[in-house]
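Novice: Below is a structure I'd like to ask you about.
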């Protein structure tokens, strides 16, 4: 797949995908004769995971570490050297962090809903007051 198709499928911009390539989070499998990046289904899975991690505020180095555990490849040396128990510990830590960040996002969303309700109440009161004045 070329970068445009991958961008559409994973919901990232071309620029973002190129940035992730520059920092080593994803590596296009090959290039076409015309020099276009060609991505595999595995690259697409990797980019979708990166997008999910980004939503939770994971840093690039954290993404790299987690990807090396979830989708190891030949260039992900740390995962290959870790024992199974060490890998599980790291995954547990990431899971706890993700869970905590989800809780924070839920709290922020609740606050946003409360604010929206306040705006609706203010609009309703203003509409009622305007109707009384006009009526």
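The values are calculated or read from the model by the stated rules, or taken from the named source; none is laboratory data. The shown structure was predicted, so the numbers you read here are calculated from the model rather than taken from an experiment. In this analysis, Cβ positions are derived from the backbone assuming ideal geometry, glycine residues included, and neighbour counts consider all displayed protein chains.
Novice: Need the failing condition index for residue 127 against (1) modelled with pLDDT under 95; (2) surrounded by fewer than 14 Cβ atoms within 10 Å (Cβ to Cβ); (3) under 21 Å from residue 27 (Cα atoms), just the number.
Specialist: All conditions are met except number (3).
Novice: If the requirement is being at pLDDT 95 or above and farther than 24 Å from residue 104 by Cα, which of these qualifies: 50, 17, 3? Break it down stepwise before answering.
Specialist: Details: 50 fails: farther than 24 Å from residue 104 by Cα; 3 fails: at pLDDT 95 or above.
Checking each option against the conditions leaves just 17.
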